[in-house]
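The values are calculated or read from the model by the stated rules, or taken from the named source; none is laboratory data. Small disclaimer: the values here were computed from a predicted structure and weren't measured. Don't worry about glycine lacking a Cβ; one is built from the backbone with ideal geometry, like all the others, and counts go over all protein chains shown. Only protein heavy atoms, including side chains, enter the accessible area calculation; ligands, DNA and RNA are left aside. Shrake-Rupley method; radii C 1.70, N 1.55, O 1.52, S 1.80 Å.
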Number of protein chains: 2
Amino acid sequence: MAGRKAAAPDPARSLALLWGSHAKPGRSGLTVRAIVDAAIELADAEGLEALSMRMVADRLKVGTMSLYTHVPGKGELADLMFDRAYGDLYADADEPSKQPGGWRGALEFIARRNWEILTAHPWIHEVPTMRTALGPNITRKYEAELRPLDGLGLTDVEMDSALALVLTHVQGTARAGAEQLRTQRDSGLTDEEWWRQISPTLTTVMSGTHFPVAGRVGTAVGEHFQSVIDPAHALTFGLTTILDGLAQLIESRSAVE
Amino acid sequence: MAGRKAAAPDPARSLALLWGSHAKPGRSGLTVRAIVDAAIELADAEGLEALSMRMVADRLKVGTMSLYTHVPGKGELADLMFDRAYGDLYADADEPSKQPGGWRGALEFIARRNWEILTAHPWIHEVPTMRTALGPNITRKYEAELRPLDGLGLTDVEMDSALALVLTHVQGTARAGAEQLRTQRDSGLTDEEWWRQISPTLTTVMSGTHFPVAGRVGTAVGEHFQSVIDPAHALTFGLTTILDGLAQLIESRSAVE
DNA sequence: AGAGTGTACCGTACATTGTACGGCTCAGGT
DNA sequence: ACCTGAGCCGTACAATGTACGGTACACTCT
């Protein structure tokens, strides 16, 4: 990162911003809300790294430093963006716990919804989430996602672990997908063209040593997906496997009960 | 990112560097090897983002631009660092497939080894891995990790998916742990102090709405781990669950056979 | 109505980044 | 002895986040 050291965001300040009511437009109509919205719009297109305070200010027709009246810095802005992105993840109508298919259906629903957010806003992967974990929307999300796991005989810690497992999987897979897309876009090459370009160099260079299993499997994967990875497939394969594993745990718990 | 646009690394150039033999010291003793080593040492301490070309050059007592004689840019340097970090992941003695406990033991071993690398070199999380997937060490790693899944009745694609699932889990969990550590270090606060600092603001602000399940579970987790997450626990919980799920798949396949 | 005050707004300045460009210096071949 | 090419590097530039200090407006109090 360039520029001044960007002194680590003050957690208390972030929290106040996150939960505060920022309904005071000021004399040029500038709002925290408007800033966050503009930033999200820009980040959706180019990523968090490429997003600059100047760009946000320009889009709002406002001096760069005016942003700092409403937001302490880029870090805190990212926190706000993060929380807002999860704003209306679950409308009342589609609460996970009201989904068909019991806990399993609910977790599948949760995974799909998170996947959607993550692919719509790939910059989320660049936000350090640890300190943000307590924004209003995130908390609401946590509550909604935990609910379908309640009353199955799991301990509280197990409930949290199970949910975290699913979410980590979704996030990791979505991240890989986002990276793939960004790499493609940056290089202007499709996955297939890229492969075709490096293939000769590779075979030349790999001729010395050889990798029987890796070669066979890698080729199979490449032919099957026309790419080195297929995020959508990875998502469902992993989710199925994880849910199968969780089913065993839940069964063992309810047997005891 | 600041500075000139850092034009997306040329894949072919990266590949050549990755597989080439760079044993020509030049007149000031500067080597690709030495550069990569220095960069890794610095990144281990401060992360990839904080690592600058100037820092690397200074540590090697060399002008900044001299680095560019050996390495096309920071992106490609990261690629090299990535591949090198996995350099001696598996010595001959401890090939995963020779581990006790069958495929399950092997996958546990693989998970643990990857975890070790990831916690020793947290900057790995910042490297865009998509284009690097084909360095010599990475390929060797892929081969070694695939082998224990061979001959179990899984299709080639399933073998790849199963491995990717485990690795994604390890990586996601390790990333969360790394973020936690970094946040702590940056703020100078331990997780507990941090909690104590924001707790009052939080309870004040959460009094309006309330979150029954989230509150209960969150509290339980906090008390159990003295933190909001415990990466080590998440790792083993997730791994167990995933392996249980994979066991079902493998059983169903060998039943047909 | 007039004076005073706080806050929104913003122009400028600075440190820091990656790297393009062009020059210098030396090893090795002829 | 001289040329050539490659290793080395000093300088310059565009871009970043944000500290600092100033300006102008909305409000309260007299």
Distance in nm between label sites at residue B:247 and residue B:181, each 7 Å beyond Cα in the beta-carbon direction? 3.1 nm
Förster radius 51 Å - calculated FRET efficiency between residue B:64 and residue B:232 (Cβ-Cβ, nearest 0.05): 0.80
Enter the accessible area of residue A:69 (Å², nearest 10), with the probe set to 1.4 Å and all protein chains included. 110 Å²
Interface A:B - total buried accessible surface [probe 1.4 Å, Å², rounded to 100]: 6200 Å²
Accessible area in the full protein assembly, largest first, 1.4 Å probe, for B:61, A:98, B:141, B:74: B:61, A:98, B:74, B:141
Modelled label-to-label distance, residue A:155 and residue B:46, 7 Å Cα→beta-carbon offset: nm? 4.3 nm
Measure off 7 Å from each Cα along the Cα-to-Cβ vector at residue B:192 and residue A:93, then give the distance between these two points in nanometres to one decimal. 4.9 nm
Between residue B:55 and residue A:117, take the C-beta separation as r, use R0 = 51 Å, and let me know the FRET efficiency to the nearest 0.05. 0.90
Under the Karplus relation 6.51 cos²θ - 1.76 cosθ + 1.60, θ = phi - 60°, what is the ordered set of whole-Hz ³J(HN,Hα) values for region B:56-69, x standing for Gly and Pro? 4, 4, 4, 4, 8, 6, 8, x, 4, 6, 5, 4, 6, 6
Could you order A:152, A:30 so the one with the most accessible surface comes first? Probe is 1.4 Å. A:152, A:30
Test of understanding: what is the full-extension gain from residue B:33 to residue B:126, defined as 0.36 nm times their sequence separation minus their Cα-Cα distance? 31.4 nm
Taking a quarter of the surface of the convex hull around the Cα atoms of region B:25-126, what do you get in nm²? 7.3 nm²
Measuring nothing but label to label, 7 Å from Cα along Cα→Cβ, what are residue B:240's distances to the other copies in nm, shortest first? 2.5
What list of ³J(HN,Hα) values in whole Hz, one per residue of region B:96-104 in order, does the Karplus curve 6.51 cos²θ - 1.76 cosθ + 1.60 (θ = phi - 60°) give from phi, with Gly and Pro shown as x? x, 5, 9, 6, x, x, x, 4, 5
Whole number in Å², please: accessible area per residue of region B:92-256, 1.4 Å probe, ligands, DNA and RNA not counted. 45 Å²
